[in-house]
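For reference, the structure discussed in these notes is given below.
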Amino acid sequence: MPPSESSPAPSPGDRPGAGGVLTIDLGAIAANWMLLSGRLRAGAACGAVVKADAYGLGLAPVSRALFAAGCRSFFVALPDEGLALRRVLPDAEICVFNGVDATTARDMAAAGLTPVLNHLGQVADWRAAAAETRPPARLPAFLHVDTGMTRLGLGEEEVAALADDPALTAGLHLTGVMSHLACADQPGHALNDEQRARFDAARVRLAPLAIGRASLANSSAIFLGPEYHYDLARPGAALYGIAPQPPEPNPMRQVVGLKAKILQTHRIDTPRTVGYGATHRAERGRRIATVAVGYADGYLRSLSGAASAHVGRNIVRVVGRVSMDLITIDVTDVPEAEARPGAFVDLIGPHHTADDLAREAGTIGYEILTALGPRYARHYLGGPS
Ligand SMILES: *Cc1c(COP(=O)(O)O)cnc(C)c1O
């Protein structure tokens, strides 16, 4: 999409000493959750994955916006993330992908978190925590069955052991069983159907335990079709605007905007090199602007000489290496009045998305978002009232 207008300057009064301004549209996140919910088969609920600080966008504001939109089931990776989210959302279901061990069980039980139990050791640790609960109460637990990731999850023999011995889950309230697809972003990949078949077989095997809801779909898997939806979907990336089925057109609303300040400009009179390693040579007549963002802000070093950005309507290129706090861009084709110290460059926006930047860096949008650093001034748009 071509840029339609020059981006408005960030409003004065926000941290003028920050080098960059990160805008996060909470209304777009809520709209994306609604869109995904609406795509699910009747009867399936839509959760939200908010691990890694809601993919770098802010655990508390993002989770509040999703709860206000109607989301009631949240997923994080770490026990610490679950404890932090519990302080934000006292009433939501909070599931912890990495599970539990003897060192975390007590705090997780006290906070009412639901660990995802990935192996029999975690089952035993959570069962021990349940036995200690006073007054006695059953503790909620999700079971994770490995169907082809070989990362986390119960193997076939562990599934059989649980199914055959109800004492192993004594004191636990099994609220769901999940698995995770390796190739959900590749609709034609044979592993998708194979994993679904293994998931169904495990559910049949575990049925005597009353395992609650079934959950298989991340963002991409929602678009594989209703047979992948089961009872509860677990999208993350698509909520934050990442395309769920590239190269198909992205149906999600854009969430993130990033702009950074021009600090200095150079008119090249004599050809000279730019930046570390002297990897770029600027010829006579070029203009180079130095911008206050770098790899310490998650503007990846692999974007050196590879990224594009916008100054108003003008597309510009990053030249030379990305350094820790600075990048250099060639602004020769930009009117001088627009590329001056104090002006802002659009690094991520509707015409240059996190996915676009990821392609230039040789990575995925997930890594661009989760790398966004703490140094930006953050603006949240459209939060719940
Ligand atoms: C991160 C994660 C998700 C969310 O995946 P997206 O591709 O971001 O939608 C779902 N399930 C598990 C187990 C995950 O680790």
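The values are calculated or read from the model by the stated rules, or taken from the named source; none is laboratory data. Computed from a predicted model, the values in this text were never measured in an experiment. Virtual Cβ from ideal backbone geometry, glycine too; neighbours counted across all protein chains shown.
What to note about this one:
- Within the range 170-277, strands (runs of 3 or more DSSP E) holding 2 or more residues that are among the hydrophobic types (A, V, I, L, M, F, W, C): 172-178, 256-267
- Taking the numbered list (1) within 16 Å of the ligand (Cβ to nearest atom); (2) farther than 19 Å from Ser73 by Cβ in turn, Leu152 passes all entries but (2).
- Criterion (modelled with pLDDT of 95 or more, in contact with a Pro (Cβ under 8 Å, 6 or more places away or on another chain) and under 30 Å from Val177 (Cβ atoms)) met by exactly one of Ala282, Ala237: Ala237
- Pairs are defined by a Cβ separation below 6 Å, a sequence spacing of at least 6 or placement on different chains, a first member in the range 349-365 that is closer than 10 Å to Gln254 by Cα, and a second member that is outside any loop (DSSP other than H, G, I, E, B); the pairs so defined are Gly349/Gly257; Ala354/Val256; Ala354/Ile348; Ala354/Gly365; Ala354/Ile368; Ala354/Leu369.
- Matching entry among Arg127, Arg87, Arg138 (being basic (Lys, Arg) and farther than 24 Å from Asp165 by Cβ): Arg87
- Filter result for Ser304 (more than 16 Å from the ligand (Cβ to nearest atom), in contact with an Asp or Glu (Cβ under 8 Å, 6 or more places away or on another chain) and not acidic (Asp, Glu)): no
- Residue list for the range 320-331, filter: farther than 14 Å from Gly19 by Cβ and surrounded by fewer than 22 Cβ atoms within 10 Å (Cβ to Cβ): Arg321, Asp330
- One residue stands out in the range 215-260 among those that are crowded, with 20+ Cβ neighbours inside 10 Å and of a type in the set (D, E, K, R): the one that is farthest from the ligand (Cβ to nearest atom), namely Lys259.
- Scan the range 119-140 for residues that are assigned to a loop (DSSP other than H, G, I, E, B), farther than 14 Å from Leu174 by Cβ and of a type outside the set (Val, Ile, Thr) and the total you get is 5.
- Pairing each residue of the range 18-42 that is crowded, with 19+ Cβ neighbours inside 10 Å and modelled with pLDDT under 95 with any residue that is among the hydrophobic types (A, V, I, L, M, F, W, C) and part of a helix (DSSP H, G or I), provided the two are 6+ apart or on different chains, yields no C-beta distance under 9 Å.
- Odd one out for Ala207, checked against (1) more than 16 Å from the ligand (Cβ to nearest atom); (2) of a type in the set (A, V, I, L, M); (3) under 25 Å from Ala128 (Cβ atoms): (3)
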